[in-house]
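To start, the structure under review is shown below, and the notes come after it.
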Amino acid sequence: MTTLQSVPALGTHPAHGSNPSRAETREQLSKATYDLLVIGGGILGISTAWHAAQSGLRVALVDAGDFAGATSSASSKLLHGGLRYLQTGAVKLVAENHFERRAVSRQVAPHLANPLTFYLPVYKGGPHGAAKLGAGVFAYSALSAFGDGVGHLLSPAKAQQDVPELRTENLKAVAVYGDDQMNDARMALMTVRAAVEAGAAVLNHAEVTGLRFTRGRVTGAELKDRLSGDEFGVDARLVLNATGPWVDHLRRLEDPNAAPSIRLSKGVHLVLKRTSPWRAALATPIDKYRITFALPWEDMLLLGTTDEEYEGDPAEVAVNEKDTAQILDEAAFSVRDQQLRRELITYAFAGLRVLPGGPGDTAKAKRETVVTEGRGGMLSVAGGKWTTFRHIGRTVMQKLESLPGRPLGDDFEPIASLPKRLPLPGIANPRAIAHRLVVDGPAPGPRMAPDTAKHLATHYGSLAFDIARLANEDPQLGERVHPDAPEIWAQVVYARDHEWAETADDVLRRRTTLTIRGLATDEVRGKVQDLLDKK
């Protein structure tokens, strides 16, 4: 492990072709007039910025925190069709979700998504019978054109071979289906990169303090750089409010009398060390509407989630003891106690789902996208699912196209004429990338460790070679950040110079997996901050 004394020498010179500085970006934002200003760097805002830039628009994207810093990095890490939606008869929705899921995992980002087999255990006295679940997973796989195999029933003995910690008492059968999994923060960052490569200007840690108006129309925003304190503004012909849980706060800046448009649901997840290998995920029905997940993810186990109405400040959402106890209790329906010991928990996180406003149980509320236009012409988008992030970006663009008076100008290329499955940066076969990283390795010096090579390949795709090059030029950058994690110091330098990382949390929580592994120690955090300060 790199010593504290050696860190000041690391990564002193920004990498070739690095992102513009914050000062340069602020100046660029304040001098130009943009066709579209997107406020909010969650996946909805990022996807819209990407599609808008592809359409030839001059696009700016800002966020008060980090990209994917709130809801978008607090998901269940799934690209899925939504098995439970079949219960409500939403067959068309499930088919659409499957189409998007398979497009992302096969053509758009195969380097960032991986197929995952799900086991749905049927216990004696459970909310659903084996015949019903067997039929359900068959219909579910049919709606994805059997692209992940045929949904079927499996014996408890076979299921336990793949999930040794599966609780088999009173287990009658196991239904099997397929979906996909991802690291949500990494997927969001690659989409930011795609937007920038298409011409968008982006700035995180830039808070909107007010809106600009021209003859009653919203035509930009006043901003404050949270890191430097600098204040500046951005002019734009159109403004999109994609601030997630804060969407109504921004709508009230446009119109103090704006009625609430959304409600919030809190969802909590726990990350635990695994006591044995898991070759499949568990999706266990808790009641008629809710499922609890136990997912192998990043060599760990991800448990969750909760679903309860939230009415506080979105910035203060946090995990409490009740949440932790609920997740562990619900996981215990199908997971053995030895895997649920509290000392195995390395991290817990809470996020807020944005749901359409209205009465009723949040667990039964539709996960649909809401697009509204305010008095000042500002469009607001909220809600939806990670799986359909590309579809939501296209939907917002179609809404922009339909606005009267051609506000997007004559150079605008309609979204319908763009390629349907444009890949994200780094697209490649991750197995081939990992193999090359190990075989070619940073030379001179030892070959890259297989776990590091696999980690880089599945989080960066072909861009992993840029990180290997940094380690090749400075062997200290090839050393692990922490002996118990696959990450190397070159990733920190890369995050600083190419992925808009400004704070230690940006690096440890969203550019790498060190926080979720419980390895973001004070020593590691201090060294990361030292490297960030060298830009």
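About its Cα centre, what dipole magnitude does the stretch 78-152 give when the only charges are +1 on Lys and Arg Cβ and -1 on Asp and Glu Cβ, stated in debye to the nearest 20?
Around 140 debye, computed over the stretch 78-152.
Applying 1/(1 + (r/R0)^6) with R0 = 45 Å to the Cβ-Cβ distance of A131 and A449, what FRET efficiency is obtained, to the nearest 0.05?
Between A131 and A449 the formula returns 0.40.
At 1.4 Å probe size, what's the solvent-accessible area of K224? Round to the nearest 10 Å².
80
Please compare each pair in K77/K158; K31/K399; K77/K399; K77/K385; K77/K266; K124/K322 to a cut-off of 20 Å on the Cα-Cα distance and tell me which ones are over it. Kindly include the intermediate steps, with their values, before the conclusion.
Details: K77/K158 26 Å; K31/K399 27 Å; K77/K399 28 Å; K77/K385 11 Å; K77/K266 16 Å; K124/K322 27 Å.
Too far apart for the 20 Å limit: K77/K158; K31/K399; K77/K399; K124/K322.
Over what distance in Å are the Cα centres of the stretch 274-341 and the stretch 53-109 separated?
21
Residue by residue, what Karplus-based ³J(HN,Hα) values in Hz, rounded to whole numbers, does the stretch 173-180 have, using 6.51, -1.76 and 1.60 with θ = phi - 60° and x for Gly and Pro?
Karplus-based 3J(HN,Hα) across the stretch 173-180 equals 6, 9, 8, 10, 8, x, 9, 10 Hz.
Accessible area, 1.4 Å probe, largest first: how do I427, I39 sort?
Details: I427 75, I39 10 Å².
So the residues, ranked largest to smallest area, are I427, I39.
Compute the distance in nm between two label points, each set 7 Å from the Cα along the Cα-to-Cβ direction, one at N429 and one at K124.
The modelled label-to-label distance comes out at 4.8 nm.
Rounded to the nearest 5, what is the percent of antiparallel bridges among the DSSP beta bridges in the chain?
80
Leaving ligands, DNA and RNA out of it, work out the accessible area of F146 with a 1.4 Å probe and give it in Å² to the nearest 10.
Near enough 80 Å² of accessible area.
I'd like the Karplus ³J(HN,Hα) series for the stretch 481-491: coefficients 6.51, -1.76, 1.60, θ = phi - 60°, whole numbers in Hz, and an x wherever there's a Gly or Pro.
Computed from phi, the couplings for the stretch 481-491 are 5, 9, x, 9, 10, x, 5, 10, 4, 4, 5 Hz.
Leaving ligands and nucleic acids out of the surface, order S47, S75 by accessible area at 1.4 Å, largest first.
Output order, biggest surface exposure first: S75, S47.
Against the globular-protein guess of 2.2 N^0.38 Å, express the Cα radius of gyration of the stretch 382-535 as a ratio, rounded to two decimals.
Dividing the Cα radius of gyration by 2.2 N^0.38 Å gives 1.32.
Return the long-range amide H neighbours of Y123 (sequence gap of 5 or more, or a different chain), with a cut-off of under 5 Å between placed amide H atoms.
K172
Taking the Cβ-Cβ separation of A145 and D287 as r and a Förster radius of 41 Å, what is the calculated FRET efficiency to the nearest 0.05?
The calculated FRET efficiency here is 0.85.
Starting from the amide H of W297, placed 1.01 Å from N in the peptide plane, find each other amide H under 5 Å away whose residue is 5 or more places distant or on another chain.
Here the answer is L302, since their amide H atoms fall under 5 Å of that of W297.
Can you tell me the length gained on complete extension of the stretch D522 to R342, counting 0.36 nm per residue apart and subtracting the Cα distance?
Roughly 62.6 nm would be gained on extension.
List the residues whose amide H sits under 5 Å from the amide H of Y310, counting only those 5 or more places along or on another chain, with H placed 1.01 Å from N in the peptide plane.
Correct list: L264, S265, K266.
Find how much the distance from S30 to A416 grows on full extension, using 0.36 nm per residue of separation minus their present alpha carbon separation; answer in nm with one decimal.
On the way: separation 386, 0.36 × 386 = 138.96 nm, distance 3.12 nm.
Answer, rounded to one decimal: 135.8 nm.
When the helix-only estimate is applied to the chain (DSSP H runs of n ≥ 4, each -39,500 (n - 2.57), divided by the residue count), what is the mean residue ellipticity at 222 nm, nearest 500 deg cm²/dmol? Mind showing how you got there, number by number?
Working: 14 runs with 154 residues, N = 535.
That calculation yields -8500 deg cm²/dmol at 222 nm.
Report the gain in length on full extension from R469 to R252: 0.36 nm times residue separation, minus Cα-Cα distance, nm rounded to one decimal.
Full-extension gain reported as 73.3 nm.
With charges set only on the Cβ (+1 for Lys and Arg, -1 for Asp and Glu), what does the dipole of the chain come to about its Cα centre, in debye to the nearest 20?
So the dipole magnitude of the chain works out to roughly 1560 debye.
In square nanometres, what is the average projected area of the Cα convex hull of the chain?
On the way: hull surface 97.3 nm².
Reported value for the Cα convex hull: 24.3 nm².
Taking the Cα centre of the chain as the origin and placing charges on Cβ (Lys, Arg +1; Asp, Glu -1), which of N19, V176, G40 is farthest toward the positive end of the dipole?
V176
With a 1.4 Å probe and all protein chains kept in place, how do E373, E479, E487 rank by accessible area, largest first?
E373, E479, E487
Determine ³J(HN,Hα), in whole Hz, for all residues of the stretch 492-508 in sequence, where each value follows from phi through the Karplus function 6.51 cos²θ - 1.76 cosθ + 1.60 and θ = phi - 60°; x replaces Gly and Pro.
5, 4, 5, 4, 5, 8, 10, 10, 6, 6, 10, 10, 4, 5, 3, 6, 6
The values are calculated or read from the model by the stated rules, or taken from the named source; none is laboratory data. Remember, it's a predicted structure, so these values are computed and weren't measured experimentally. FYI the Cβ positions are ideal-geometry reconstructions off the backbone, even for glycines, and counts take in every protein chain you see. Heads up: the accessible areas ignore ligands, DNA and RNA and are worked out on the full protein's heavy atoms, side chains in. Shrake-Rupley method; radii C 1.70, N 1.55, O 1.52, S 1.80 Å.
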